[in-house]
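*Asks:* Once you've had a glance at the structure underneath, I'll fire off some questions.
We did not get these values from a lab; they are worked out from the coordinates using the rules stated. Values in this document were obtained by computation on a predicted structure and should not be read as measured data. All Cβ positions, even for glycine, are placed from backbone atoms using ideal geometry, and neighbour counts span all protein chains on display.
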4 protein chains.
Amino acid sequence: MNHTARLIISCPDQRGLVARVSDFVSRNGGNILHFDQHTDLADGVFLARVEWELESFRIPRERIRDCFQGIALECGMQFDLAFSDHVPKVAILASKLPHCLQDLLLRQRAGELKAEIALVISNHAEAGKIAQSFGIPFRHFPITRADKTQQEAAEIEAIQSAGAELVVLARYMQILSESFVKAFPNRIINIHHSFLPAFVGAQPYHQAFARGVKLIGATAHYVTSELDNGPIIDQEIARVSHRDSVDDLIRKGRDLEKIALARAVRLHLMQRVLTYGNKTVIFD
Amino acid sequence: MNHTARLIISCPDQRGLVARVSDFVSRNGGNILHFDQHTDLADGVFLARVEWELESFRIPRERIRDCFQGIALECGMQFDLAFSDHVPKVAILASKLPHCLQDLLLRQRAGELKAEIALVISNHAEAGKIAQSFGIPFRHFPITRADKTQQEAAEIEAIQSAGAELVVLARYMQILSESFVKAFPNRIINIHHSFLPAFVGAQPYHQAFARGVKLIGATAHYVTSELDNGPIIDQEIARVSHRDSVDDLIRKGRDLEKIALARAVRLHLMQRVLTYGNKTVIFD
Amino acid sequence: MNHTARLIISCPDQRGLVARVSDFVSRNGGNILHFDQHTDLADGVFLARVEWELESFRIPRERIRDCFQGIALECGMQFDLAFSDHVPKVAILASKLPHCLQDLLLRQRAGELKAEIALVISNHAEAGKIAQSFGIPFRHFPITRADKTQQEAAEIEAIQSAGAELVVLARYMQILSESFVKAFPNRIINIHHSFLPAFVGAQPYHQAFARGVKLIGATAHYVTSELDNGPIIDQEIARVSHRDSVDDLIRKGRDLEKIALARAVRLHLMQRVLTYGNKTVIFD
Amino acid sequence: MNHTARLIISCPDQRGLVARVSDFVSRNGGNILHFDQHTDLADGVFLARVEWELESFRIPRERIRDCFQGIALECGMQFDLAFSDHVPKVAILASKLPHCLQDLLLRQRAGELKAEIALVISNHAEAGKIAQSFGIPFRHFPITRADKTQQEAAEIEAIQSAGAELVVLARYMQILSESFVKAFPNRIINIHHSFLPAFVGAQPYHQAFARGVKLIGATAHYVTSELDNGPIIDQEIARVSHRDSVDDLIRKGRDLEKIALARAVRLHLMQRVLTYGNKTVIFD
């Protein structure tokens, strides 16, 4: 298949936006494969994703951004441009529980995630073995209350040195400081093991068990400085009953966590997620 | 099919409970159709539901309760006994939105709910037409802040006079007072239009929209004096996206509400729900 | 909200289609609310749905079709044009089971289906009462093997006289002849009570029970001359267990049938379904 | 937790079965943790699963079977007895696709599957690396049309030598001969990558794509001599749309396959599946 360009746009709604954007592509010889668009009528916001074949496109890759800038300025657009053959680097942070880490590594190997896993970080040494078995660099940052600030700084440094464009928290059980979050805006995806906003905070399966819910969930979301309150990318649920102990909820929940997180990471890597306010538009 | 007796039991776990209960039935000539049992190992509680054919049972119906009392006392059991051919009376309370009321009435007529709808009550006159078209008595209790106490007292009186054993809040938008709740312990079922405990209180679909969730839900639960916090009987969910407006959530939610509420009422009417602490055991 | 025009397009894929279509709208002063597009890369087919506000659009409604014809011819497009304030007439055919008929009538009344139910037809007299209670014309066409051809001809005549643009088979248990199907191409929606293509033909719930499946389903599809093989619009499923008898499957299935059929009819009425080969594209 | 005995029973329905079985346990000092029972009223079959604590049970393990034999003979019971601390040996057969094999191995390691994976067999050498990385014996049996009979005989021999009580086909793409199936009656679990009975046979995702279904599925079932027609243990589904290519169906389906297969294997290992006719009773 040909390589493609993917353009993500948001701006105040106004007449002629679809025409202007599609005309930009067509006039320059591009063949549009996907044009997804959504207008938030309440807030008057135009949101779109355009993907076109690069083969016949007459503007060289490195100049597309500049060429589009004129339209963007005129229409007040924020935009993001990516290419389908770019393989972004990803850092995965994990703690003791290995299932999400293993799952992401297996999916990457199976070709489901177009990314290079550049680095695995953990506050526990055990994750190192898993990283090693996949041939992926591993950094161990044990964190105590006393050294959290320094360790986080070292983590940020390691992630940036590795060139990671996306940080995935694969059941990473440390709360990130605001400066960590700010270092990777809209580029940290977390999996929370509940159907948010139910059961914010610690031990959500225990909370769910205590409340006697009949469905449990998992939520993949971007991390913001407000705990468990960032824009939701995907959610998944499963039915439970009185026969399920807390351990059963934890076991059933692992599948939900793996699936919701993997789906969110995949959507992000394919430039199918547009964050907007505290919400996401998913162009799937 | 033969008529059956249904016995619901909870007591401290101890050796020999299944044998004692099943022996009571067998020794007296009963044929057990269903024996469902659950042991809460954490709390050491035994919970069971037994259903047996009455035809060959040698104890007359009206004496079964007394005959079982000995075992119950010895084992510290709480129990409830009902017969499959008993058709309990039900009162439905509704407000402006008719969908749950209509749905319950249609299901009752279709034979899904073994109950007599003895009374429809509403704080709005519109529900009267629906009740009338099904030939069901209707009482209109408009409620203002000033007369809420008297109106509620009149409602309780009307429900009790009608002989209703179950009160169903079919999108009834008034918060019940504690004295109302106490008049019908574990016998008021409400449908809350969210995936509890997310979005407690007013306008949950608006809350869900604002939070940008990817799944919405509905929760059928027993009403206790603590708002939206009673034992959950059933929950149902549906996927939503950025394309869904608040109105779309409300529309999609109606189906969830109808299904979760109808399922909960049906389970209750078949003596398949055992409340226990703030949870339910569903023998389905 | 302003009224809108909805244009559904399919044609061989080629460069510049999005631009040409959106330019047509913008150049004439229209504001595009939704632009949904899908390219079938395997078959090289371009499929799109465009919706724009009519208020500022400079081409009068009755001339839009002609004005677009030039582009359509040039690009080899098949297209369909509709307006959001057009309320199409619908005929519903039912047999003995009332649930889908009642459900559609209630949804129409609740504003979920922007349509006028112009006519209810049944081979059983019972449906007449339901139609009457909603104030909708009813025609009774009892069908025997001997008079099927004449009765069908009379049905077609009745549907056409009523001006119905869509025919909905709401658990209508007669197999339509080829001439009936041809009278309303891509305009007959049926609900089949199984997860097609499993359990084609008669008594699918009995078939499902005999096979011991753990999930049952319902399928809304366009009717073609090949039984149960038309383009699928929507499917819905529910979990079942060994505890469910055939009657339980039938009962649980009713909810699936209502929901899948209502969703399919709604999508059709909003011009969100594009049939293509033996498949559908759903612009939701 | 204490070790338990698990007794699975099926027999013609008759009075007093629950009492007889539970009395057998209680009289001998056992504490029943779970008593699950189902009566198939249509066929007049009684099916039950009883689990009790061994600690206080006065009959030694090795004599329980004999002691129960009297009741079994009298009531015409078929029964199966197992102990919770028995760790059965399992053989996994895989072909090229590794996801189900990896998934089972990871779940076993995570403690979800109480089993020893004694052997991995494949007709492709690649699976050997995976087995090796988990420290599990691997046998490579490449199969050609000419040597299929001998190779199968060797496989049976290998499985039996390894002491495997359960054979799991983890996307094993060879059709087993009747003699293979007969060597492990009701002890071979397969995952079929469709929602059976839809899309029997080869390339079900291609079939699903061609039919334009809106949901895809996976089915875990016992293998019988009739292809894809054995008793269904579990099924799982996911929603798809026109945007999904065959490759997308295959990718989405992998998660369904992993989950349905793992759940079925887990249920089997916990003696929660009772096969009966061509169906299963799942005591969950």
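*Asks:* Could you give the nm distance between label points at A:A210 and C:N278, where each point is 7 Å from its Cα heading toward the beta carbon?
*Replies:* For A:A210 paired with C:N278, the spin-label model returns 5.6 nm.
*Asks:* A further question on this structure: Taking the Kirkwood radius as the inverse of the mean 1/r across Cα pairs, report the Rg/Rh of segment B:103-191.
*Replies:* Ratio of gyration radius to Kirkwood radius for segment B:103-191: 0.94.
*Asks:* Bin width 5 Å, alpha-carbon pairs only: give the P(r) of segment A:1-122 as whole percents, running from 0 to the bin holding the largest distance.
*Replies:* 2, 9, 18, 17, 13, 11, 11, 10, 6, 2, 0
*Asks:* For the protein assembly as shown, place one equal point scatterer on every Cα, skip the solvent, and apply the Debye formula. What is log10 of I(q)/I(0) at q = 0.08 Å⁻¹?
*Replies:* Log-scaled intensity ratios, in q order: -0.99.
*Asks:* Let me ask something else. Near the axis that takes chain C to chain B, which C residue has its beta carbon closest, and at how many Å?
*Replies:* Spelled out, residue of C and its Cβ distance from the axis onto B: C:S133, 3.
*Asks:* In square nanometres and to one decimal, what's the mean projected area of the convex hull around the Cα atoms of chain C?
*Replies:* Mean projected area of the Cα convex hull: 16.5 nm².
*Asks:* Can you pull the Rg over Rh of segment C:1-65, Cα-only, Kirkwood?
*Replies:* Checking Rg against Rh, the ratio lands at 1.01.
*Asks:* According to a simple spin-label model (label point 7 Å from Cα along Cα-to-Cβ), what is the distance in nm between D:R63 and C:D85?
*Replies:* Label at C:D85, label at D:R63, 9.1 nm between them.
*Asks:* Report, by chain and number, residues whose modeled amide H sits under 5 Å from the one on A:L93, excluding near sequence neighbours (fewer than 5 apart, same chain).
*Replies:* Excluding prolines and chain starts, which carry no amide H, the hits are A:I121, A:V168, A:L169, A:A170.
*Asks:* Another question, then. Within a 10 angstrom radius of the beta carbon, how do C:S22, C:S241 rank from fewest other beta carbons to most?
*Replies:* So the residues, fewest neighbours to most, are C:S241, C:S22.
*Asks:* Taking amide H positions as placed in the peptide plane 1.01 Å from N, state which residues far from A:T4 in sequence (5 or more) or on other chains have amide H under 5 Å from it.
*Replies:* A:L54, A:S84, A:D85
*Asks:* Output, in nm with one decimal and in ascending order, the distances from the C:A210 label point to the matching label points of the other copies (7 Å from Cα along Cα-to-Cβ).
*Replies:* 2.6, 5.3, 5.6
*Asks:* Enter the angle in degrees (range 0 to 90, nearest 10) between the Cα long axis of helix D:99-109 and the first principal axis of the Cα atoms of chain D, meaning the one along which they spread out most.
*Replies:* 40 degrees
*Asks:* Same structure again: Roughly what would the spin-label model give for A:E55 and C:N229, points 7 Å off Cα along C-beta, in nm?
*Replies:* Going by the 7 Å Cα→Cβ label model, 3.5 nm.
*Asks:* Of the beta bridges DSSP finds with both residues in segment D:89-282, what % are antiparallel, to the nearest 5?
*Replies:* Bridges in segment D:89-282 are about 45 percent antiparallel.
*Asks:* For A:V87, which inter-copy label distances result when the label point lies 7 Å beyond Cα on the Cα-to-Cβ vector, reported in nm to one decimal and in ascending order?
*Replies:* Inter-copy label distances (nm, one decimal, shortest first): 3.9, 5.9, 7.1.
*Asks:* Using the 7 Å Cα-to-Cβ label point, sort the distances from C:R239 to its equivalents in the other copies shortest first and give them in nm to one decimal.
*Replies:* Taking the point 7 Å beyond Cα along Cα→Cβ, the inter-copy spacings are 0.5, 1.7, 1.8 nm.
*Asks:* Taking the beta-carbon count within 10 Å as an exposure proxy, list B:H99, B:H140 from fewest neighbours to most.
*Replies:* Ordered from fewest to most neighbouring Cβ atoms within 10 Å, B:H99, B:H140 come out as B:H140, B:H99.
*Asks:* Can you give the angle from 0 to 90° between the axis of helix A:17-27 and the longest principal axis of chain A, with both taken from C-alpha atoms, to the nearest 10?
*Replies:* Its long axis makes an angle of about 70 degrees.
*Asks:* Considering the dipole of segment D:1-158 built from charges on the beta carbon (Lys and Arg +1, Asp and Glu -1) around the Cα centre, which of D:I59, D:S26, D:A127 is farthest to its positive end?
*Replies:* D:A127
*Asks:* Sticking with this structure for a sec: Taking amide H atoms as placed 1.01 Å from N in the peptide plane, list the residues 5 or more away in sequence, or in a different chain, whose amide H sits under 5 Å from that of C:F138.
*Replies:* Placed amide hydrogens put C:V120 under 5 Å from C:F138.
*Asks:* Would you work out the charge dipole size for segment A:89-282 about its Cα centre, treating the Cβ of every Lys and Arg as +1 and the Cβ of every Asp and Glu as -1, and quote it to the nearest 20 debye?
*Replies:* It comes to approximately 440 debye.
*Asks:* Here is a further query. For chain D, take the longest principal axis of its alpha carbons; what is the angle in degrees between that and the long axis of helix D:246-269, to the nearest 10 within 0 to 90?
*Replies:* For D:246-269 against chain D, the angle is about 20 degrees.
*Asks:* Suppose we take every Cα in segment D:156-256 and form the convex hull; what volume per residue is that in Å³?
*Replies:* 93 Å³
*Asks:* Taking a cut-off of 22 Å between Cα atoms, list the lysines near D:K214, but don't count ones fewer than 8 places away on the same chain.
*Replies:* In chain and number order, the partners are B:K214, B:K252, C:K214, C:K252, C:K258, C:K279, D:K252, D:K258.
*Asks:* Could you work out the relative contact order of chain D? I mean the mean sequence separation of Cα pairs under 8 Å and 6+ apart, divided by the number of residues, in percent.
*Replies:* It rounds to 15 percent for chain D.
*Asks:* I've got another one for you. Ranking D:D36, B:D248, A:D147, B:D234 by Cβ neighbours within 10 Å, fewest first, what do you get?
*Replies:* By the 10 Å Cβ count, ascending: A:D147, B:D248, D:D36, B:D234.
*Asks:* Now for a separate question. Would you list, by chain and number, the lysines whose Cα falls below 22 Å from the Cα of B:K148, excluding same-chain residues fewer than 8 positions away?
*Replies:* In chain and number order, the partners are B:K96, B:K182.
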